[in-house]
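Novice: First the structure, then my questions, so here it is.
Each reported figure results from applying straightforward, stated rules to the coordinates on display, with no laboratory input. This is a predicted model, so every value here is computed, not measured. Ideal geometry is used to build each Cβ from the backbone, glycine not excepted, and the neighbour counts take in all protein chains shown.
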Amino acid sequence: MTELPLLTWLLVVAALVVGILAGHFGWGKRWPTSLKQLHPDYLTGLDYLVTEQPDRALDMFLKLMDANADTIETHFALGALYRRRGEVERAIRIHQNLLARASLAPEHREQALLALAQDYLRAGLLDRAEGLFQQVSEVPRLRASALDALRLVYERQHDWQQALGCYRQLARIKAAPPPMVAAHYLCELAGLAIERGDTAEARRLLREAREASVPFPRAALLRAQIAERDAQPELAVRLMRHALTESPVLLQDELPRLLNLVQPESRDAVLTELVAQAEARDFSELKRLVFAAIAADLVEAAPLRGSIEKVLSQDATLQSVWQAGPAQYERTAHEIGALLAHADKFRCNECGFSGRAFYWQCPACHAWDSVEAYALVKLN
Ligand SMILES: [Zn+2]
């Protein structure tokens with residue numbers, strides 16, 4: 001309650017005032033000219049809000065709203081606000097309270113079931129959410145919302161086959177998210193097929209992923225894994241180069257694997273090409289390559305030296321370390337490598353979550369393809 005933005009509560013209070021006035025007096029009737037005409041319990045409820053006793057306030061408002069059937073939209077508005085704020089138990093109480101009404105109209109009952117299912121999803125009660133969303137998905141006007149939420153339930157459960165099933169049902173009613181999402185489900189399934197050694201099935205799924213979304217670097221990386229297993233290193237290198245060109249964020253994790261696949265005598269040629277490619281784009285891409293190279297202990301590789309010097313001398317944060325020792329290139333580069341080893345390497349563009357591991361789907365906000373290469377170096 002303490003961190004509640006004033007504006008949010010003003011909105012809640014405004015919604016309640018409108019709902020309760022409409023309920024008490026009817027839209028067509030004269031509205032009261034002063035607060036004195038309001039139900040005294042309503043003012044008590046406001047008092048609880050002001051004195052930061054949210055549960056007592058909620059009890060009071062629920063009691064008031066029970067008194068008439070015209071305040072249903074206010075219930076939904078208040079429930080949605082609580083859920084958005086993460087106060088899921090209160091949202092659940094509101095929606096269960098609505099569902100307990102014998103007189104609730106069928107369309108409101110369906111809407112309340114959908115809202116309650118969303119509360120369960122937010123609370124992580126996935127089994128309960130799944131059952132309710134399945135039930136609501138039978139209602140034509142709520143089908144798209146319920147199926148899309150059901151898709152999210154299956155994502156959380158890592159049930160990729162079911163998630164893909166929901167995606168396809170959504171596509172049939174033209175309500176599907178971007179094709180990239182389906183391609184990720186197919187890649188998840190392909191990854192599982194690779195793990196159990198079923199490369200034929202994995203290749204079929206990856207073909208389907210590439211057909212769903214082009215370009216799709218994740219599919220190329222998984223296909224490279226299969227090529228590597230099948231002792232086709234040249235094909236694996238080609239596929240990895242393709243994936244890294246499409247998605248340079250992958251360099252951080254994949255550069256060592258790429259270099260393991262190339263013949264030792266070809267390593268410098270590959271690095272030279274990667275440098276040229278990054279230089280042709282922009283400084284941030286060169287920085288990604290340099291950080292990946294330092295993390296992979298490549299500071300002594302001749303094709304990278306010029307780029308490493310360039311990035312370390314121009315980067316706003318690392319300049320101070322670099323100025324201390326450009327004459328001792330290797331020692332300074334290794335010191336920076338030690339700093340980078342403890343730094344977060346990836347950050348989600350959507351929610352700001354950061355960590356050392358790369359994810360195709362952000363573990364915090366569940367957005368796909370939202371993680372960017374990032375190095376937060378803390379200098380003492
Ligand atoms: Zn996120």
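Novice: What nm value, rounded to one decimal, do you get for the distance between residue 297 and residue 328 when each label is placed 7 Å out toward the C-beta?
Specialist: The answer from the label model is 2.1 nm.
Novice: Could you sort the peptides 113-119, 135-141, 228-234, 190-196 by per-residue average Cβ neighbour count (10 Å cutoff), highest mean leading?
Specialist: Per-residue Cβ counts within 10 Å, averaged per peptide and sorted highest first, yield 113-119, 190-196, 135-141, 228-234.
Novice: Please list the equivalent ellipsoid semi-axes of the stretch 303-372, computed as the square roots of five times the alpha-carbon gyration tensor eigenvalues, in descending order and whole angstrom.
Specialist: Ellipsoid half-lengths, sorted descending, are 31, 11, 10 Å.
Novice: Now for a different question. Which number do you get for Rg(Cα) / (2.2 N^0.38 Å) in the stretch 178-246?
Specialist: Normalised Cα radius of gyration, the stretch 178-246: 1.01.
Novice: A further question follows. Which length gain, in nm to one decimal place, applies between residue 44 and residue 103 when the Cα-Cα distance is subtracted from 0.36 nm times their residue separation?
Specialist: 18.5 nm
Novice: According to the Kirkwood expression over distinct Cα-Cα pairs, how big is the hydrodynamic radius of the stretch 62-189, in Å?
Specialist: 15.3 Å
Novice: Can you compute the FRET efficiency between residue 272 and residue 161 using 1/(1 + (r/R0)^6), with r the Cβ-Cβ distance and R0 = 51 Å? Round to the nearest 0.05.
Specialist: 0.70
Novice: Straight-line reach from residue 310: which aspartates and glutamates fall under 19 Å, measuring Cα to Cα and dropping same-chain residues less than 8 apart?
Specialist: List returned: 268, 273, 279, 282, 285, 297, 300, 330, 335.
Novice: Can you give me the long-range amide H partners of residue 371? Hydrogens built in the peptide plane at 1.01 Å from N, cutoff under 5 Å, separation of 5 or more residues or another chain.
Specialist: Correct list: 349.
Novice: For the stretch 261-380, what mean projected area does the convex hull of the alpha carbons give, in nm²?
Specialist: 8.2 nm²
Novice: Of all the Cα-Cα pairs you can form in the stretch 213-269, what percent are over 14 Å apart?
Specialist: Tail of the P(r) past 14 Å holds 50 percent of the pairs.
Novice: Once fully extended, how much extra length lies between residue 356 and residue 138, figured as 0.36 nm per residue of separation less the alpha-carbon to alpha-carbon distance?
Specialist: Result for the pair: 74.3 nm of gain on full extension.
Novice: Can you sort 240, 60, 180 from fewest to most other Cβ atoms within 10 Å of each residue's own Cβ?
Specialist: Listing 240, 60, 180 from fewest to most nearby Cβ atoms yields 180, 60, 240.
Novice: List the GluC sites (Glu not before Pro) in the stretch 265-329 that DSSP assigns to loop (not H, G, I, E or B) and whose Cβ has at most 16 other Cβ atoms within 10 Å. Which are they?
Specialist: Within the stretch 265-329, the qualifying GluC sites (Glu not before Pro) (loop, at most 16 other Cβ atoms within 10 Å) are 300.
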